[in-house]
Structures are given as structure tokens and as C-alpha cells.
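One structure is given below, encoded as C-alpha cells.
Only the coordinates and a few stated rules stand behind these numbers; no lab work does. These numbers were taken from a predicted model, which means no experiment stands behind them. Ideal geometry is used to build each Cβ from the backbone, glycine not excepted, and the neighbour counts take in all protein chains shown.
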Amino acid sequence: MLDAERIAARFGWSAEEWLSMQRRGLVTSRVERGEGEDQGRWRLFVHCGNRRWFAIVSDDGAVIEEKLDFLPSPPRRGFRSS
């Protein structure tokens, strides 16, 4: 569907960095196949660190729609806000 270079670029990393993160278990992903009027399209959800990327991709690998979110970090233990 999409190679490591293309996905890594969405996160601002090289393919080597991306593959290293995958090997270390730092990447989670989910793929959903479109049905009905969405047949021939795929939804991709990829999460790594504080970044979450969502894309709709056609069978030929063209990205139709995408969004990259930067998620807030959870508060550190022992940290108090005033």
C-alpha cells in the first residue's frame, strides 16, 4: 500500500528511523478496507510517540485525504500546575 519512505515522510523522519521505531515496538497501526461506496479505498491509522496520522488511500497507493495530529503529552508524575 504505502512504503516506509512515504509514511516516514509524513512524520518528518527518514525511512531508517521509521523502521527502527517499528522494530522497537513504538509504532501502532490499523488498516480498514472500504466497503460499499468506499470499496477500493483503505483507511490507515498510524500512531508513534505524540503523533497520529490518518489517511484514506486508494488501491493504487494515492493518498486521497490525510491528517497529522500532535497529541499532548500526559502530565509528568509529581508535577503540579498552579
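Structure summary
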{"quantity": "Rg [Å, one decimal], Dmax [Å, integer] - the chain, C-alpha atoms", "calculated": "15.4, 52"}
{"quantity": "Mean ellipticity per residue at 222 nm, deg cm²/dmol - from DSSP H runs of n ≥ 4 across the chain, formula -39500 (n - 2.57)", "calculated": "-5500 deg cm²/dmol"}
{"quantity": "Nitroxide proxy distance, nm - points 7 Å out along Cα→Cβ at Ser58 and Glu37", "calculated": "1.8"}
{"quantity": "Estimated vicinal HN-Hα couplings, Hz - the range 42-52 in sequence order (Karplus 6.51, -1.76, 1.60; Gly, Pro = x)", "calculated": "10, 9, 10, 10, 10, 10, 8, x, 9, 10, 10"}
